[in-house]
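The values are calculated or read from the model by the stated rules, or taken from the named source; none is laboratory data. Being a predicted model, the structure only gives us computed values, none of them experimental. Methodologically, a virtual Cβ is constructed for each residue, glycine included, from the backbone with ideal geometry; neighbour enumeration extends over all protein chains shown.
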Amino acid sequence: MKPDQLYKSLLSYCQTHANPELVKKYSRYFKEGVYDAWGLSQALMDAKKAELKQSGEITVDLVFEIAPLLMKSGKYEETSFALILITIMKDKLVKSDFGRLESWFKTGIANWAHADYFGMFFLPEIMKQGLIDKDDFTGWIISPYKFQRRCVPVTFIKLLKTGISFQELFTFLEPLMSDPAREVHQGMGWFLREAWKVKPEETEAFLLKWKDIAPRLIFQYACEKMTKEQKLLYRKAK
């Protein structure tokens, strides 16, 4: 199958099943209500994913060729299909493909939902395969794209129960504690909240180190499951 053929097929699927009511419903989850989408239900997305997976026509090269076509419009579902396709082909990827994925943050991964799908369902899987490891994300920490930076702590949530040193993870992620982007603050706070559930003492020591320096939103997320008394320990000193 050629990229333009698959693109036209997916575009037609989106147009046929467009639902303005769903667009309106989900807009509230996005900043300033900006949700450029067709309005496909999750059931429709899952059905198409199953169809694509069973077709036997998807290749790694096809995914990288169609991705720019899917991402150019900015429509939510079209970019989602690019992420679905690369997830389908995760077992066929080679090390160099990881570098090719970085361009997707420039062209299409531009909201928290797509970044978190990448960080929760795709990147941890290729780490588990041994295709990449923690150090391969070194460049992502300093990426000019905030959602690429957010992907790192979100991805590392899946490492928290693998026996890896928490101090090693904290040191690696530490530059993001002073990141300027709200979306990165949310990702770091989420990671630290999950880390606290697994190893509270180590996580608390790290939080205390940063409580007077890091953005408060990180602590809002990180301390969410703590008691009222515990939260007081991480208030910024006046």
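Quick notes on this one:
- Among the residues of the range 182-196, those that are closer than 18 Å to MET120 by Cα and not polar (S, T, N, Q) comprise GLU183, VAL184, HIS185, GLY187, MET188, GLY189, TRP190, PHE191, LEU192, ARG193, GLU194, ALA195.
- Only one of PHE147, PHE64 that is within 25 Å of TYR35 (Cβ to Cβ), modelled with pLDDT of 95 or more and out of contact with any strand residue (DSSP E or B) (no Cβ under 8 Å at 6 or more places or on another chain): PHE147
- Test: residue in the range 165-175 that is in a loop (DSSP other than H, G, I, E, B), of a type outside the set (Val, Ile, Thr) and either at positive phi or outside the structural domain of GLN42 (by TED's automatic domain parsing) (or both): yes
- Residue in the range 62-70 that is without any contact (Cβ under 8 Å) to a residue 24 or more places away in the chain, out of contact with any Cys (no Cβ under 6 Å at 6 or more places or on another chain) and not aromatic (Phe, Trp, Tyr) present: no
- Wholly within the range 72-121, helices (runs of 4 or more DSSP H) carrying at least 2 residues that are closer than 22 Å to SER9 by Cα, in the same structural domain as SER27 (by TED's automatic domain parsing) and of a type in the set (D, E, K, R): 76-88
- Qualifying positions in the range 67-85 - surrounded by fewer than 23 Cβ atoms within 10 Å (Cβ to Cβ) and either over 23 Å from VAL34 (Cβ atoms) or aromatic (Phe, Trp, Tyr) (or both): TYR76
- Sole residue being over 26 Å from LYS106 (Cα atoms), crowded, with 19+ Cβ neighbours inside 10 Å and of a type in the set (Phe, Trp, Tyr), chosen from PHE191, PHE219, PHE166, PHE147: PHE219
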